[in-house]
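**Student:** Got a structure for you, questions after.
The values are calculated or read from the model by the stated rules, or taken from the named source; none is laboratory data. These figures come from a predicted structure and were not determined experimentally. Reconstructed Cβ throughout: ideal geometry from the backbone, glycine too, with neighbour counts over all protein chains shown.
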Amino acid sequence: MSSDKIVASNNDLINQKSVELLSRLKSNKSKKLIKDALEFSVKMHRGQERKSGLPYVSHCIDVANILLDWNMDATTIASALLHDVVEDTDVTLENVKLLFGNDVAFLVDGVTKIDNIVFQSEKHKQAENFTKLFLSLAKDLRVIIIKFADRLNNMETIQYLSQKKRKEVATETREIFVPLAHRLGMAKLKWKLEDLSLKCLDLRGYNEVDKKILESSKVSESIINNAIKPVKKELKKYKINADIFGRYKSISSIYRKIKSQSKGFEDIYDLYAIRIIVDKIEECYLTLGVIHSIYPPMQDRFKDFIATPKTNGYQSIHTTVLTKDNKLTEIQIRTKEMDNTAETGIAAHHLYKGSRKMKDLDDKVPWLRDLSAIMDGDNTEPEELMDLLKIDMFEDEIFIFTPKGDLKKLPVDSTPLDFAFAIHSDIGFSCVRAKVNKKLVPLSYNLSNGDIVEIETSKKQKPNSSWLNFVKTSRASHAISKHLRSIEIEESIKVGNQLLEKGLRKSKLYNKLSEIKSRYNELNYKNLNEFLSDLGRGRIILKDVIGKLFPDVRSSKNKIPSQVDFIESARSESEGINLDGVKNLVVDYAKCCSPVPGDSVVGYISRGRGLIVHRLSCFNLSSLSDSKERIVSVNWNIKKDISFKTKLHITCLDKAGVLHNITETIAKEKINIIDVETNVNIGGVSDIWIVCTVKDLNSLNELINAISKIKNVDTVERVFS
């Protein structure tokens, strides 16, 4: 066929499908919106083809027809006609909004976002999280319904794809769309998608079950009819008008029973079910009595979902009986309204079949019964019930991707740093920068559903206490706190060991070192490190330790120093600061760590400068290990209103007004700024160093917390050098 003839044929097909679609519309108002969307879709997709060779727009029209079958509103159908224009043409979302309004643009955007999700079943096996992500991104149930119609049409035409692609699409359908349809109560759709998936993934198994159904259909029909006849006859006596029919269960359902129960087709007893539809609720119970008077019931196979409806609104009576043909047969009894609900929006086997891992989802969808009225009611105006379709089922969760497509579930308001710790604690500890959707953001940036986050790390990076001000997850905060405590404990153990060795050497008791270290349990300590840590922090003093372990040591030869001769009726002043434990020495503060009241500190007796106060975790203390006898235990004893110099390092985005907001915040905290230095790096990140004065550690932490909350500020940390 020539290209001209192909084009003509395609145009004829499009025209035919368009006429058929528009002829189904009742409202003129609906017809105009849908006609405009149809014409625009035809125009924008012109020249595009499906794998089948058919015009691409034919798929959009087919999806719209499926939605008409489900009685969806004009906005949803118009959105379905346009659902691929943003993804596959030059049309922007703003174009859609301008031409068709906010509602259509909103739905098209929702479908586009879901289309961008990369599902990798074999690698992740996180179908449940992906299902939740679908719902979270959708925000409006109509987005999900459009995707259902889109997927149903794709599965019905899947034969045109390559074998590899067929398997990928069928697997995604089975693991994402089938469970979601099941949870949302769309039973017919669930069975269709499940059967189509099975046909792709195990054609041989599908055909075997299908063949068995065909071969046994005559026998089964006979059994069903034999079971129905006496029931019909008896119901007429009670003047109960009932529709009674039998049905085979879906191919995939029977296939699953054969596989899970390791039985043959002939050994599965519930291959089919009988359904009885009556007018009134009281007739359901009368019918039940009639059935049990004819056939003996299986007591453990009775369920009354009329008296206690399922959480999704499903109502019916289920009973399994033994027929005259000696066959166990399931019978379902319900009213017409109940049947309507079950068939068009509520799954008939919602809670007692399938995984219960997503029961939380079921509990959050009480509006599904109303949804069935929208999708099936002839006299219902769907627009009046659109508010029922607004969803925010997982408002406490967001779903975030790594650049490779790994999916992580986090609490709302989580940050890139939370994401880093969710991957691995080592990634969190070494995290220096983050990109969200390829844009550099602060580590404190609030993530949104579907964000793709890239974490940059450095071996030089170390956690700091300011991170605790903005991380959301308990995993991150626990890891950071634990790491910071371990650093402090490690340093206190080192200092405690130095104090112990120095004190024993000074008191001529160095030969007792090993014995003291082995008797920590007599001092009520669980291990040696706990004892050394308390000694290093000044929580216990060496004099008391030796006095308890060696009470007979009294001679002047073995005079026990009160923390090495420096601590006893202590009193030394420097700029109005009193430090218990030091006598007749000028006190200064180490510039390498800038201690402030509230820090764990130790003193170092210097030559010429008096006592230098260091933070217990100061790295320079290790370089003083050759002068252990000069290290003494000291404690804060503030008696005057004095400020201490400290330095902060702030990283932030290079945005106008950030520095102003930082200095304004510091001023509000009534803190004096001594010096400010800034540097703008490549990539739009600024480094700011601020030297200021604070009263104590509490006021410093309050300042760090206040600065951390400023917009575009990434990290705030105290600098010790």
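**Student:** Tally the residues that are within 19 Å of T715 (Cβ to Cβ) and not in a loop (DSSP other than H, G, I, E, B), restricting the search to the stretch 421-454.
**Tutor:** As a first pass, look at the stretch 421-454 and keep what is within 19 Å of T715 (Cβ to Cβ): 421-423, 425-436, 439-447, 453-454.
Within this subset, residues satisfying the condition of being not in a loop (DSSP other than H, G, I, E, B) are 421-423, 425-429, 431-436, 439-441, 453-454.
Counting residues in the stretch 421-454 that are within 19 Å of T715 (Cβ to Cβ) and not in a loop (DSSP other than H, G, I, E, B) gives 19.
**Student:** Out of the stretch 469-500, which residues are under 19 Å from G428 (Cβ atoms) and β-branched (V, I, T)?
**Tutor:** Correct list: V471, T473, I480, I487.
**Student:** Related question: Quick one: D418 ticks every box in (1) modelled with pLDDT of 85 or more; (2) in a loop (DSSP other than H, G, I, E, B) except a single one, so which number is it?
**Tutor:** (2)
**Student:** Which pairs turn up if I take residues in the stretch 669-682 that are of a type in the set (V, I, T) and look for partners that are in a loop (DSSP other than H, G, I, E, B) with beta carbon separation below 9 Å, at least 6 apart in sequence or on another chain?
**Tutor:** I671/S643; I671/K695; V680/D654
**Student:** Residue check: is V658 aliphatic (A, V, I, L, M) and modelled with pLDDT of 85 or more? Talk me through it step by step, then tell me what you get.
**Tutor:** Numbers: aliphatic (A, V, I, L, M): yes; modelled with pLDDT of 85 or more: yes.
Considered against the rule, which asks whether it is aliphatic (A, V, I, L, M) and modelled with pLDDT of 85 or more, V658 comes out as yes.
**Student:** Further question on the same structure: Consider S27 carefully, then state whether it is of a type in the set (S, T, N, Q) and out of contact with any helix residue (DSSP H, G or I) (no Cβ under 8 Å at 6 or more places or on another chain). Give the derivation first.
**Tutor:** Working: of a type in the set (S, T, N, Q): yes; out of contact with any helix residue (DSSP H, G or I) (no Cβ under 8 Å at 6 or more places or on another chain): no.
Taking the combined requirement at face value, the residue does not satisfy it.
**Student:** Within the stretch 495-504, which residues are among the polar types (S, T, N, Q) and surrounded by fewer than 18 Cβ atoms within 10 Å (Cβ to Cβ)? Show your work before the answer.
**Tutor:** Of the stretch 495-504, the ones among the polar types (S, T, N, Q) are 497-498.
Scanning the stretch 495-504 gives no hits.
**Student:** Would you be able to say whether some residue in the stretch 618-638 is at pLDDT 85 or above and among the hydrophobic types (A, V, I, L, M, F, W, C)? Please lay out each step first, then the result.
**Tutor:** So the first thing to find is which residues in the stretch 618-638 are at pLDDT 85 or above, and the list is none.
No, the conditions are met nowhere in the stretch 618-638.
**Student:** Residues that are within 35 Å of the chain's Cα centre (by Cα), in the same structural domain as I158 (by TED's automatic domain parsing) and free of Cβ contacts under 8 Å to residues at least 40 places away in the same chain: does the stretch 60-75 have at least one?
**Tutor:** yes
**Student:** Quick one: in the stretch 455-474, which of the residues that are within 17 Å of the chain's Cα centre (by Cα) and modelled with pLDDT of 85 or more is nearest to N712 (Cα to Cα)?
**Tutor:** Filtering the stretch 455-474 for residues within 17 Å of the chain's Cα centre (by Cα) gives 471-474.
So of that shortlist, the ones also modelled with pLDDT of 85 or more come out as 471-473.
Numbers: V471: 15, K472: 17, T473: 21 Å.
Filtering the stretch 455-474 for residues that are within 17 Å of the chain's Cα centre (by Cα) and modelled with pLDDT of 85 or more, the one nearest to N712 (Cα to Cα) comes out as V471.
**Student:** Could you tell me which residue of the stretch 670-688 is modelled with the lowest pLDDT, considering only residues that are over 17 Å from V441 (Cα atoms) and outside any strand (DSSP E or B)?
**Tutor:** Going through the qualifying residues, I end up with K670.
**Student:** Based on this model, can you work out whether V694 counts as in contact with a Ser or Thr (Cβ under 6 Å, 6 or more places away or on another chain) and farther than 28 Å from E491 by Cβ? Explain how you work it out, then say what you get.
**Tutor:** Values: in contact with a Ser or Thr (Cβ under 6 Å, 6 or more places away or on another chain): yes; farther than 28 Å from E491 by Cβ: no.
So V694 does not fit the description; no.
**Student:** Check every one of the strands (runs of 3 or more DSSP E) wholly within the stretch 229-328 and list those with 1 or more residues that are acidic (D, E).
**Tutor:** Working: elements: 243-248, 272-278, 317-322.
Fully inside the stretch 229-328 and qualifying: 243-248.
**Student:** Determine which single condition V613 fails, assuming it passes every other condition in (1) farther than 21 Å from K709 by Cα; (2) modelled with pLDDT under 85; (3) of a type in the set (A, V, I, L, M).
**Tutor:** Result: V613 passes all but (2).
**Student:** So in the stretch 276-298, with the set limited to residues that are of a type in the set (A, V, I, L, M) and over 14 Å from D243 (Cα atoms), which one is modelled with the lowest pLDDT? Can you show your working first?
**Tutor:** Taking the stretch 276-298 first, the residues of a type in the set (A, V, I, L, M) are 276-278, 281, 286, 288, 290-291, 294, 298.
In the following step, the residues that additionally are over 14 Å from D243 (Cα atoms) were identified as 281, 286, 288, 290-291, 294, 298.
Details: I281: 94, L286: 95, L288: 95, V290: 95, I291: 95, I294: 94, M298: 87.
Looking at residues that are of a type in the set (A, V, I, L, M) and over 14 Å from D243 (Cα atoms), I get M298.
**Student:** I240 passes all but one of (1) assigned by TED's automatic domain parsing to the domain that holds A307; (2) under 45 Å from the mean Cα position of the chain (by Cα); (3) not acidic (D, E); which number fails?
**Tutor:** (2)
**Student:** Now a separate question. Among (1) touching a strand residue (DSSP E or B) at 6+ places or on another chain (Cβ under 6 Å); (2) assigned by TED's automatic domain parsing to the domain that holds I66; (3) among the β-branched types (V, I, T), where does I276 come up short?
**Tutor:** Every condition holds for I276 apart from (2).
Yes/no per residue for (1) more than 36 Å from the chain's Cα centre (by Cα); (2) under 13 Å from M338 (Cβ atoms); (3) touching a residue at least 40 places away in the same chain (Cβ under 8 Å):
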| residue | (1), (2), (3) |
| --- | --- |
| I254 | no, no, yes |
| D270 | yes, no, yes |
| E282 | yes, no, no |
| L288 | yes, no, yes |
| Y295 | yes, no, yes |
| D300 | yes, no, no |
| K303 | no, no, yes |
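**Student:** With the condition being crowded, with 21+ Cβ neighbours inside 10 Å, I'd like the helices (runs of 4 or more DSSP H) fully within the stretch 44-120 carrying at least 3 qualifying residues.
**Tutor:** Details: elements: 56-69, 74-81, 85-88, 93-100, 102-115.
The qualifying helices (runs of 4 or more DSSP H) are 56-69, 74-81, 102-115.
**Student:** Is it true that A80 is among the hydrophobic types (A, V, I, L, M, F, W, C) and modelled with pLDDT of 90 or more? Steps first, answer last, please.
**Tutor:** Values: among the hydrophobic types (A, V, I, L, M, F, W, C): yes; modelled with pLDDT of 90 or more: yes.
Against the criterion (among the hydrophobic types (A, V, I, L, M, F, W, C) and modelled with pLDDT of 90 or more), A80 qualifies.
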